[in-house]
1. When you scan the stretch 115-122, do you find a residue that is surrounded by 13 or more Cβ atoms within 10 Å (Cβ to Cβ), at pLDDT below 90 and in contact with a strand residue (DSSP E or B) (Cβ under 9 Å, 6 or more places away or on another chain), even just one?
2. Looking at this structure, is G127 surrounded by 15 or more Cβ atoms within 10 Å (Cβ to Cβ) and part of a helix (DSSP H, G or I)?
3. Restricting attention to the stretch 160-174, does a residue exist that is over 23 Å from P41 (Cβ atoms) and polar (S, T, N, Q)?
4. Can you go through L141, L181 and tell me which one is surrounded by 12 or more Cβ atoms within 10 Å (Cβ to Cβ), at pLDDT below 90 and not in a loop (DSSP other than H, G, I, E, B)?
5. Among the residues of the stretch 111-124, write down those that are within 17 Å of A85 (Cα to Cα) and either under 10 Å from the mean Cα position of the chain (by Cα) or among the β-branched types (V, I, T) (or both).
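The values are calculated or read from the model by the stated rules, or taken from the named source; none is laboratory data. Predicted model only: the values in this text are computed from it and were never measured. Here Cβ is always computed from backbone atoms with ideal geometry, including for glycine, and neighbour counts include all displayed protein chains.
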Amino acid sequence: MTTLPPHRHIPGISSFNHRPVQSTQYSTVPVENTDFCSGLPSWQSDAVAAAEATTKDEQAAFSPPTSLLLVLWCFLGDSPVCVDAIQRGGKAQNRWTTSGELEGLRPEQVGIHDTISALLWNTNQLGAAVETLLSSGLLILAESTCDGMPAYTVDNDVKGQIINSLPLEAKVLWKTQVLILVAFVFPRPSISLK
């Protein structure tokens, strides 16, 4: 089990990588993806640009993954969300097949874009992005919790600026990604054959 150094642990982020290695596709995803934004689709590069334009007065140089996480959080709505719930979007989820078999379904198989999945899968990168957003004041600790874990939301003014600055096509794609993500990570009773 890999744990975050104590000074980098963010409440609400699991300290280990949940994603089981089930195929060679998993082994091709690097743990430290330094070339994260090469070849981003336009809806994601538009989002990075919108986040950068909105936060330029904050004197914070956000990495593209941090900008993408900020935009993702903007589209999650007004309810506070815990990081652990978002992080589940990067790991396989057990589902029953139509033939009655239990199968691990990867995020990419349900339509979560692989750039988003890679960000959510990488605990260190996700933790660093959350830490950056918290320290900049863009991500706000909510009074409510998620099963005792801290929950966060984005400042309403920032959320409005980012969403309103995106082209319509990008907004539609982000809304679709968030809808798929929420449906994918929605807490279900543990599925087990034991």
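1. no
2. yes
3. The initial filter retains those residues of the stretch 160-174 that are over 23 Å from P41 (Cβ atoms), namely 160.
Subsequent filtering for residues that are polar (S, T, N, Q) retains none.
Looking through the stretch 160-174, none of the residues is over 23 Å from P41 (Cβ atoms) and polar (S, T, N, Q).
4. Only one candidate passes the filter, namely L141.
5. Matches in the stretch 111-124: I112, I116, S117, A118, L119, L120, W121, N122, T123.
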